Every structure is written in C-alpha cells, then in structure tokens.
Amino acid sequence: MKNAEETLKTLSLMHAPTGQEDEVADFMEKKFKSCGFSVTRDTLGNVIARKGKGRKVLIASHMDEISMAVKSITEKGFLKFVKVGGIYDPMLIGARVIVHAKERRMGVVASKAPHQMENEEMKKIQEAKDLYIDIGLASKKEVEKLGIRPGTHITFTGEFGHLNEHWVAGKAFDNRVGCTVNCGIAEAYADKQPPVELCLVGSVREESGLFGAGVATFAVEPDLAIAIDVTHAFGAPGESEEDIPVGLGKGPALAVLEGGGYGLITSNHMVEWLETIAKKANVPLQMEISERGASDASRMQYIRQGMLTASVGVPLRYMHSQVEVIDVRDIVQTVKFLQGVIEAFPQRK
Ligand SMILES: [Zn+2]
C-alpha cells in the first residue's frame, strides 16, 4: 500500500460517532467502487463491497469511533452528556469536541480553573457525569435553535502528526487504521480479480457492542470472516511486555483469544495456517491474548451455525484517547499479510 499514511490521516480527521457513521461510510463506498467493487449499504449503515467469484472471504473493519451524546441542556446553555463506548474520564477535561447538530459546532469540555479549587478538590478525578460542554451560547433556547437536543452525537477533534519517522498520533485510529487496511486491500485488487468472492465491509456500531459486523456476517454468510481492528501495544511506562506481548512496528497481531475466552477463540489449526501464510508473505506475525477487550471477530464467530473466523490487530498505544499512536509500517504489513490469506484461501480444505 503506497499512501497508507495519507489515507489514515484523511480517515482519522473524519467524524463517525457510533450510530452515525455516514462520513466514513461515504468515503469507504467511494474507495471500494473506484477499485471495481459493487457496493451496498444495509439498514444499520454497514458498507458491503463485493468483487470476484468463488468461496467468500469477508474482511470487516468498524468505522465508528468512541463518542458521546447530549443528555440534557442546562438553562445557561451548557450540554450535559453521556459516554458512548469506553472513555476514561480524565481524558475528557480540556478536550475539543464537535457537536453534530444540523451543522457541526465546536465545543469544549471544561472544568473550573485550579485557582478556584480547594486543595482537596484538586486531587479528585472529575467524573463525566459532573462535566459539561461549553459551545459558546448563553441559554437553552439558543442551543435548541441549532437543533441540538438529547441524543445529538458528539465526537472528539484532534490533530494528526508524527512522533518520529514512522510513528503517528491522532484521534480515532481505533479503527480508521482497520479502515485504511481495508482500503489497501481494495487497491491491491483494483486491477485484477481476487481468487475468491472478496467481501470488504465497513461495519457500524462496534464501540457499543460489536453489532454491525455481526449483522453483515449473517447477510454475507462467508466461508472465512476476518475482523481488522487495532490492538494494544506495550511500551508506555507501566506497561510491560509480560502483560502485553505485542509491540509497535513488529507487524500485525493475531488474536488467539479475546475477552478472556468469553469472546473469540481461534483454533490451533487456524493459527498454524495463518502462521504459514505470514511466513510465506515474509510478514512477522505477533500472537495476542486479550483479557478484557474484544473485536468484531468475537461476534462474527458465533453467527449462524458458527463461522471460520480470525481477528487481526494493528498494534496501537493509548487506545480510546485522542492521541492514539501507531507505526505506519504495521498497516502496510497487515495489508500484505491479508493479501496472502486471500490468495491462499482457495487451496485451504
Ligand atoms: Zn475501540
């Protein structure tokens, strides 16, 4: 994949709160169509692209990002909100957000200044339920005039930038990184037919419960279903390789087990087959065990009578923050690995 970083940057700066993924969905649809795929959208908003004939391989990347929604509007025009997806409360104060009314409007998650706090108050974590968003208006009436009401979606904004030559930081890398990989796979088959019926899916509503990919998998009924998401990488202070045996810049990670075994469990047979493919493609493959997190694969494996499923993760630091960090080379390696899987699948018994 040539322009991985540029595609990631474009996708990262887009806004797709869980349940309103249209901006990213439109981008994915356009990209898939430009590579010769036929594209449909289902009731929930999943983008389903198909190309080729034969056994079906489905590759899904969720398009939504962690977000918030308006809970109520105060008389003075501030927004109270609920979290949608896993957000660590201390990440909220100081955040710039976009409120998705008829028109998008910037807001800030604020707190009173330290100068106005007692010493004891300064030591406490402020919870999301006590915080508010300031959008620069003085009354509830003015806010409502903009079409902002309970349920209006809110997303974070953030810049995209380099930490070093290969590492980039930004918002919503979970899971625009996976979407970038899916774009890379589409590009790889832009000028040729895949040896399978290749179904690339931009899925919705992952952050609040792995919903969209499950629905798409039911509809497509693939012979092999793969979820592409990000996965935790060690390296930050307090995180050791013993706890998280996956590192940045070391290639894609294959989840052997998700959610401490309450989600996806990959069979030994599948792991060995994928290891052989990685070796052949000259891509290093890391093994991952997830104690608590789960990807769409945890839902996809249990659709219909059970699906042959794999979960591939691109290593990432600081998940669910506005400063998620990845090594761009891992995206390129993941595309290469998945191409190997697609090419090898017709021979798999
Ligand atoms: Zn996530």
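Every read-out reported here was derived from the displayed coordinates using simple, explicitly stated rules and does not represent laboratory data. Model, not experiment: these values are computed from the prediction. Using ideal geometry, Cβ is built from the backbone for each residue, glycine included, and neighbour counts are taken over all protein chains shown.
With contacts taken as Cα pairs under 8 Å and at least 6 residues apart, the chain reaches a relative contact order of 23 percent. Just report the Cα centroid separation between the stretch 22-67 and the stretch 254-319, whole Å. Between the Cα centre of the stretch 22-67 and that of the stretch 254-319, the gap is 21 Å. Using equal-weight Cα scatterers in the Debye expression, the normalised intensity of the stretch 115-207 in log10 at q = 0.19 Å⁻¹ is -1.12.
What percentage of all Cα-Cα pairs in the stretch 1-156 are separated by more than 27 Å?
Working: 4711 of 12090 pairs.
For the stretch 1-156, the share of Cα pairs beyond 27 Å comes to 39 percent.
Highest first, please rank the peptides 114-120, 319-325 by the mean number of other Cβ atoms sitting within 10 Å of their residues.
On the way: 114-120: 8.0, 319-325: 18.7.
Averaged packing, sorted descending, gives the order 319-325, 114-120.
State the Cα centre-to-centre distance between the stretch 124-165 and the stretch 169-188 in whole Å. Each part reduced to its Cα centre gives a spacing of 25 Å. Here the residues PHE211, PHE81, ranked from fewest to most Cβ neighbours within 10 Å of their Cβ, fall in the order PHE211, PHE81. Compared with the dominant principal axis of the Cα atoms in the chain, helix 22-34 is inclined by about 30°. A simple rule links phi to the HN-Hα coupling: the Karplus curve 6.51 cos²θ - 1.76 cosθ + 1.60 with θ = phi - 60°, which for the stretch 126-138 gives 8, 7, 3, 5, 9, 8, 8, 10, 9, 10, x, 10, 9 Hz, with x for Gly and Pro. Simple point charges give the picture: +1 on the Cβ of Lys and Arg, -1 on the Cβ of Asp and Glu, and for the stretch 134-253 a dipole about the Cα centre of about 660 debye.
Calculate the dipole size of the chain relative to its Cα centre from +1 charges on Lys and Arg beta carbons and -1 charges on Asp and Glu beta carbons; express the result in debye to the nearest 20. Spell out each step's value before the answer.
Details: 42 positive and 46 negative charges, 222 e Å.
Approximately 1060 debye in magnitude.
Amide H contacts of ALA16 (H built 1.01 Å from N, in plane; Pro and chain starts excluded): GLU65 sit under 5 Å, all sequence-distant by 5 or more or on other chains. Enumerate the amide H contacts of LYS56 below 5 Å, restricted to partners 5 or more residues apart or on another chain; note that Pro and chain-start residues carry no placed amide H. Here GLU197, ASP223, LEU224 satisfy the definition.
What are the semi-axes of the equivalent ellipsoid for the stretch 67-156, taken as the square roots of 5 times the Cα gyration tensor eigenvalues, largest first, in whole Å? Before the final figure, lay out each step's value.
Values: eigenvalues 107, 46, 21 Å².
Taking √(5λ) for each eigenvalue gives 23, 15, 10 Å, largest first.
Here the stretch 157-254 is treated as a Stokes sphere of Kirkwood radius computed over C-alpha pairs; at 37 °C and 0.692 mPa s its diffusion coefficient rounds to 204 µm²/s.
With the gyration tensor restricted to C-alpha atoms of the stretch 210-260, the semi-axes of the equivalent ellipsoid amount to 29, 11, 9 Å, longest first. Under a 5 Å amide H cut-off, with hydrogens placed 1.01 Å from N, THR157 pairs with ARG96, VAL97, ILE98 among residues at least 5 apart or on other chains.
Size descriptors for the chain (Cα atoms only): Rg and Dmax, in that order, 20.8, 69 Å. Here the average projected area of the convex hull drawn through the C-alpha atoms of the stretch 1-66 stands at 5.2 nm².
Note that the stretch 207-222 has calculated 3J(HN,Hα) couplings of 5, 10, x, 6, 7, x, 5, x, 5, 5, 5, 4, 5, 7, 6, x Hz, one per residue in order, obtained from phi through the Karplus relation 6.51 cos²θ - 1.76 cosθ + 1.60 (θ = phi - 60°); glycine and proline are x. Would you work out which of ASN164, VAL220, VAL332 lies farthest towards the positive end of the dipole of the chain, given +1 charges on the beta-carbon of Lys and Arg and -1 on that of Asp and Glu, about the Cα centre? Result: VAL220, furthest along the dipole toward the positive end.
The coefficient of translational diffusion for the stretch 182-231, derived via Stokes-Einstein from the alpha carbon Kirkwood radius under 10 °C and 1.306 mPa s, stands at 129 µm²/s. Of the residues THR334, THR157, THR180, the one that moves most in a GNM of the chain with alpha-carbon contacts below 10 Å is THR157.
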